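For reference, the structure discussed in these notes is given below.
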Amino acid sequence: MLERIKFMKVNKTKQFDYTPRYYDARKERIQNMRKAYDAEANATPTEQQLRLREKMQNAWSIESSYTKQSRSANIRLIIILAILLLATYFILDYVDIFTAEIIDLENP
């Protein structure tokens, strides 16, 4: 019975099977570029034309999206400036009316 009860039980340490991995982004980018160039070198002229057309369409869509974003940002800026100018005009007009009333009260 005393054998089953162990007050001073010492656990064994756990062992892990960890193997560290190394990731080299530059090496992967170079490998991807090599694959792309090899595929392009072995491609037929029609495939090369299709790839060129696709690249041009992607470049055009990126440029058009940039111009849309730029235009919307400019419109937003103009709206904000207009609101600020109107708010400043009304505040200064209110201050002018308020000072005119004070001057009228001082000179009866």
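Please treat every number below as a calculation from the coordinates, not as lab data. All values derive from a computational prediction rather than experimental measurement. No Cβ is skipped: glycine too gets one built from the backbone with ideal geometry, and neighbour counts run over all protein chains shown.
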Checklist outcome for this item: 1/(1 + (r/R0)^6) with r = Cβ-Cβ of Ile30 and Lys55, R0 = 35 Å, i.e. FRET efficiency to nearest 0.05, evaluates to 0.95
Checklist entry - About the Cα centre of the chain, what is the dipole size in debye to 20, counting +1 per Lys and Arg Cβ and -1 per Asp and Glu Cβ, all else neutral? => result 1760 debye
Checklist entry - Given springs between every Cα pair under 10 Å in a Gaussian network model of the chain, which of Glu47, Glu28, Glu63 has the largest fluctuation? => result Glu28
Next on the checklist: Quick check on the chain: take the gyration tensor over C-alpha atoms, sort the square-rooted eigenvalues as a ≥ b ≥ c, and tell me if it's rounded (a/c under 1.5), prolate or oblate.
Outcome noted: oblate
Item to check | Cβ-Cβ FRET estimate between Tyr89 and Ser64, R0 fixed at 35 Å, reported to 0.05 | outcome: 0.40
Item to check | Highest-fluctuation residue, Ile80, Ile97, Ile62 considered, GNM on the chain with Cα pairs under 10 Å | outcome: Ile97
Checklist entry - Hey, can you rank 33-42, 18-27 by average C-beta count inside 10 Å, highest first? => result 33-42, 18-27
